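Here the structure is laid out as C-alpha cells; the discussion comes afterwards.
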Amino acid sequence: QCGSLTQAATVLGISKPALSKQIKRLETDLKVDLFSRTAYRLQLTEQGEILFTQCLRLRKELDDARSICQGLVDEPEGTLKVVAF
C-alpha cells in the first residue's frame, strides 16, 4: 500500500531495517519472494498479493470475532491477542 519500505516503516512506527528484516524472515519461512524490488519501487509479487488478500480476510475475521465476543458480555474488558505463524 505504501510502495516503499521507508513509508511503510514510518506508518508502522518501526525502523526501515527492522521492517526489512521481518519481511526477509517471512519470505524465508514461506520460501517465496513476496515483493519485487527495484531501485524506486516495491511491488507485491503474485504470491505477495495472495498472502496480502488472505491477511485482509483474517483481519476481518478477527474483527468480527472480537465484535461477537464483546457483544456477549455487558462490559467487555481485557485484550484479545492472536498470533499467527
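The values are calculated or read from the model by the stated rules, or taken from the named source; none is laboratory data. Note that the structure is a prediction, hence the values are computed from the model and not measured. Counting neighbours? That spans all protein chains shown, and the Cβs are built from the backbone with ideal geometry, glycine included. In case anyone asks, the SASA skips ligands and DNA or RNA and just uses the protein heavy atoms, side chains included. Shrake-Rupley method; radii C 1.70, N 1.55, O 1.52, S 1.80 Å.
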Å² per residue, accessible surface of the chain at 1.4 Å: 88
Carbon plus sulfur fraction of accessible area for the chain, probe 1.4 Å, in percent: 55
Solvent exposure, largest accessible area first (probe 1.4 Å, DNA, RNA and ligands not counted), of Phe85, Phe52, Phe35: Phe85, Phe52, Phe35
In nm, spacing of pseudo-spin labels at Thr79 and Ser36 (7 Å Cα→C-beta vector): 3.9
Length-normalised contact order of the chain in % [C-alpha pairs under 8 Å, at least 6 apart]: 17
